[in-house]
Amino acid sequence: MALGKIKADTLEHSTAGSLDTQYVVNGSAKQWSYVNDTGTSAIIDSFNTTSWSDNGTGNGTVNIASSMGNATYNISVSTNADNGGINRTCGVFTGTSGTTSTAGLYRISRWIITANSLEDGYFYSNTFGDLA
Amino acid sequence: MTVTPEFQGTHLWDRLCWAKENLEGHQSDYRVVYEDSLDECAKILVPDPNWMACALQGGILPPVEVYHELAKDEASEGFTKHTRGYLLHETKPIDAMTEEQAIEYLIMKDCPQSVWRDYDSGNKPKMVICRKEQLPATREWRNAWKISEELTVTDLAA
């Protein structure tokens, strides 16, 4: 790669101690996306994402470009609330088998708590874990 | 024009970091409508703007076949972790694509093979590439959306 490169196993502060760079690598988000799933769906911004699949009301799939090492990575999802600021939530959609995520994709959904039904909205998601 | 560094051998994630820093995202107007289950509504694939910028730039993305190899590994019995991730990073990156070629790549990466392998051989198409303005303007009855039965393969070729 024709770019500057710093190789280091440890970062050391003059007074506050040192940190193994593995903590930095392992602790960085590997993928994130900001999706508007209202109207005609669109990815507003992202990193390490190839596409969003709009699977129907309030649920979709995030497809990853640089795959994770396996399907046991961590996914965090948040969403916009309704106008009152409450009553909406979201999560990783696993279906009845609980095995929807793969190293290259994960499915997320958003719903109205009191109505127990899916609803379109905005998705903010990111992943942590090991890359392939 | 931004010149892509020689990326073969560089981790794909690092290449994407470079792209995020150096390339302007490209919002595609193309959408892929597909059906992969009789029991579910039509799904709509939306290209990522930063990924599309990589595709148009060239020299960043691996050939799509690499993803198929990794999918085979993951589907194999006893899979615990990818051991051939190097395929993503060490295979020669592909050249710049047109937006249409990038959509074809995306279909082969992110749609199930059962959809695109023989998309035009059934009673009706299982997949349609369209522009976003051709989709319904509102999401009313979204869970009932299906590809029109009246749409023929001949229409698709026209």
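The values are calculated or read from the model by the stated rules, or taken from the named source; none is laboratory data. Remember, predicted model here, so these are calculated numbers, not experimental data. Every residue, glycine among them, receives a Cβ derived from its backbone with ideal geometry; neighbour counts consider all protein chains shown.
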The lone condition B:Glu100 fails out of (1) under 12 Å from the mean Cα position of the chain (by Cα); (2) part of a helix (DSSP H, G or I); (3) within 11 Å of chain A (Cβ to nearest Cβ) is (3)
Expected single match for at pLDDT 95 or above, crowded, with 19+ Cβ neighbours inside 10 Å and either more than 24 Å from A:Gly58 (Cβ to Cβ) or away from chain A (no Cβ under 12 Å) (or both) among B:Leu88, B:Leu56, B:Leu45 is B:Leu88
Reported set for segment A:62-83 where residues are of a type outside the set (Asp, Glu) and over 19 Å from B:Val64 (Cα atoms) is A:Ala71, A:Thr72, A:Tyr73, A:Asn74, A:Ile75, A:Ser76, A:Val77, A:Ser78, A:Thr79, A:Asn80, A:Ala81, A:Asn83
Screening B:Glu6, B:Glu74 for residues that are among the charged types (D, E, K, R), touching a Ser or Thr at 6+ places or on another chain (Cβ under 7 Å) and not in a strand (DSSP E or B) leaves only B:Glu74
Only one of (1) in a loop (DSSP other than H, G, I, E, B); (2) within 11 Å of another protein chain (Cβ to nearest Cβ) does not apply to B:Pro93, and that is (2)
Flagged in segment A:98-120 as of a type in the set (Gly, Ala, Ser), more than 24 Å from B:Asp73 (Cα to Cα) and not in a strand (DSSP E or B), in numbering order, are A:Ala115
Taking segment B:72-85 and keeping only residues that are more than 7 Å from chain A (Cβ to nearest Cβ) and surrounded by fewer than 15 Cβ atoms within 10 Å (Cβ to Cβ), one is left with B:Lys72, B:Ala75, B:Ser76, B:Glu77, B:Gly78, B:Phe79, B:Thr83, B:Arg84
- Does A:Thr96 fit the bill of being at pLDDT below 90, in contact with a Ser or Thr (Cβ under 6 Å, 6 or more places away or on another chain), surrounded by fewer than 18 Cβ atoms within 10 Å (Cβ to Cβ) and more than 10 Å from chain B (Cβ to nearest Cβ)? no
When you look at B:Val33, is it more than 9 Å from chain A (Cβ to nearest Cβ), assigned to a strand (DSSP E or B) and closer than 28 Å to B:Ile147 by Cα, yes or no? yes
Note: among A:Tyr73, A:Tyr23, just one is more than 12 Å from the chain's Cα centre (by Cα), of a type in the set (Phe, Trp, Tyr) and either within 10 Å of chain B (Cβ to nearest Cβ) or over 18 Å from B:Cys17 (Cβ atoms) (or both), namely A:Tyr23
Taking segment B:41-58 and keeping residues part of a loop (DSSP other than H, G, I, E, B), farther than 17 Å from B:Tyr119 by Cα and out of contact with any Asp or Glu (no Cβ under 7 Å at 6 or more places or on another chain) leaves B:Asp48
Of the residues in segment B:14-30, those that are surrounded by 17 or more Cβ atoms within 10 Å (Cβ to Cβ) and either more than 9 Å from every other protein chain (Cβ to nearest Cβ) or closer than 22 Å to B:Glu140 by Cβ (or both) number 5
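For a quick check of your reading: which strands (runs of 3 or more DSSP E) sit entirely within segment A:1-88 and have at least 1 residues that are surrounded by 14 or more Cβ atoms within 10 Å (Cβ to Cβ) and either out of contact with any Leu (no Cβ under 6 Å at 6 or more places or on another chain) or modelled with pLDDT of 95 or more (or both)?
Ranges flagged: A:31-36, A:42-47, A:49-56, A:59-64, A:74-79.
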